[in-house]
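K.L.:
Questions regarding the structure given below will be posed in turn.
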Amino acid sequence: MVRRRGAWRRELPGRLPGLTLAIASGALLGYLLAADDFYVFEPRVEGNQVIPTEQILGISQIQGYHIFFIDPQKVALAVAALPDVAQVQVSYRLPHHLTIRVQEREGVLTWQVGDQRFAVDAAGTLLSPRQETTLPVTIQDRDAATAGGLKPGQRVAERAEAVAAARTYAGLLGQVDTFEYAQAEGLSTRVDGHRVILGDAQAAEAKITLLRTLLERLAEKGIVGAQIDVRYQTPYYRLGVEDA
């Protein structure tokens, strides 16, 4: 069917607004994609004290990307994979502002395997290795000769129990800041020249009360270098026992 010129002229004005809008939208889209104002060149990282900013930005892979093509959830998941990160929040604001806020895991004591030291949080999660630390309590792992099987980010239930127990006993004993851990014995430490097997944190206050009574008796008898076991209701000691 041949459209008459008169009919075309009547329909043309009705199509002009839509055509104009499409052209304007295309131009706007082209500007948004091409303008440097919408590319993230200097993202901000906040809340990190231990983790280097460069490490966070490196794993996020957002520098130089267009802000409309950055998925904040994917960025958060990538950063949360770092062993020292407890929580992460990613926010952005046009035209090119993007902020990564992290909450780091808090090391509560040092877990030592051989010569290698890890900070560990209250949940028993190993953090990045630190050769020097100011954390007040150290647990020496007697079961692992080297740290080859340990990796930052690992969490072991037994390790969390040992961490809680060490913090409890450190508070009760006062000046003791170094413990040893073995799965067969739990925690042990040295008090007044004696090796003391503490086990877990169950009935910790009662164990320390019994320990102090036993230490007084040993001191009266002039006995040193004993191995004292307070894991049971009736503690006992043995002489001439090599360290397990």
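The values are calculated or read from the model by the stated rules, or taken from the named source; none is laboratory data. If you're wondering where the values come from, they're calculated on a predicted model, not measured in any experiment. Cβ placement follows ideal geometry from the backbone for every residue including glycine, while neighbour counts extend to all protein chains displayed.
K.L.:
With respect to the numbered conditions (1) outside any helix (DSSP H, G or I); (2) out of contact with any His (no Cβ under 7 Å at 6 or more places or on another chain); (3) farther than 29 Å from residue 107 by Cα, which one is the sole condition not fulfilled by residue 228?
P.N.:
(2)
K.L.:
Could you go through the stretch 218-230 and let me know if any residue there is surrounded by fewer than 19 Cβ atoms within 10 Å (Cβ to Cβ), modelled with pLDDT under 95 and within 28 Å of the chain's Cα centre (by Cα).
P.N.:
Within the stretch 218-230, not a single residue is surrounded by fewer than 19 Cβ atoms within 10 Å (Cβ to Cβ), modelled with pLDDT under 95 and within 28 Å of the chain's Cα centre (by Cα).
K.L.:
Mind listing whichever residues of the stretch 134-153 are at negative phi and surrounded by 14 or more Cβ atoms within 10 Å (Cβ to Cβ)? Write out each step before concluding.
P.N.:
Taking the stretch 134-153 first, the residues at negative phi are 134-152.
Selection gives 135, 137, 138, 139, 140, 141, 142, 144, 147, 150, 152.
K.L.:
Let me ask you something else. Does the stretch 187-207 contain any residue that is out of contact with any helix residue (DSSP H, G or I) (no Cβ under 8 Å at 6 or more places or on another chain), assigned to a strand (DSSP E or B) and under 20 Å from residue 118 (Cβ atoms)?
P.N.:
Scanning the stretch 187-207, I find at least one residue that is out of contact with any helix residue (DSSP H, G or I) (no Cβ under 8 Å at 6 or more places or on another chain), assigned to a strand (DSSP E or B) and under 20 Å from residue 118 (Cβ atoms), so the answer is yes.
K.L.:
Sticking with this one: Quick one: is residue 210 surrounded by fewer than 20 Cβ atoms within 10 Å (Cβ to Cβ), hydrophobic (A, V, I, L, M, F, W, C) and in contact with a Pro (Cβ under 6 Å, 6 or more places away or on another chain)? Walk me through how you get there before you give the answer.
P.N.:
Values: surrounded by fewer than 20 Cβ atoms within 10 Å (Cβ to Cβ): yes; hydrophobic (A, V, I, L, M, F, W, C): yes; in contact with a Pro (Cβ under 6 Å, 6 or more places away or on another chain): yes.
Yes; evaluated as a whole, the condition is true for this residue.
K.L.:
Here's something else I'd like to know. Within the stretch 88-115, how many residues are surrounded by fewer than 16 Cβ atoms within 10 Å (Cβ to Cβ), at pLDDT below 95 and of a type outside the set (Gly, Ala, Ser)?
P.N.:
6
K.L.:
Now, a different point. For a quick check of your reading of the model, give me the residue pairs whose first member lies in the stretch 91-117 and is under 20 Å from residue 42 (Cα atoms), whose second is loosely packed, with under 13 Cβ neighbours inside 10 Å and of a type in the set (Phe, Trp, Tyr), with beta-carbon atoms closer than 8 Å and at least 6 apart or on different chains.
P.N.:
Pairs that qualify, where the first residue is under 20 Å from residue 42 (Cα atoms) and the partner is loosely packed, with under 13 Cβ neighbours inside 10 Å and of a type in the set (Phe, Trp, Tyr), are 96/41.
K.L.:
Are any residues in the stretch 190-203 without any contact (Cβ under 8 Å) to a residue 40 or more places away in the chain and farther than 15 Å from residue 164 by Cα, and if so, which ones?
P.N.:
Pass one, the stretch 190-203, residues without any contact (Cβ under 8 Å) to a residue 40 or more places away in the chain: 190-193, 196-200, 202-203.
Matches in the stretch 190-203: 190, 191, 192, 193, 196, 197.
K.L.:
Still on this model: Suppose we filter the stretch 172-181 for residues that are surrounded by fewer than 16 Cβ atoms within 10 Å (Cβ to Cβ) and at pLDDT below 95; how many remain?
P.N.:
3
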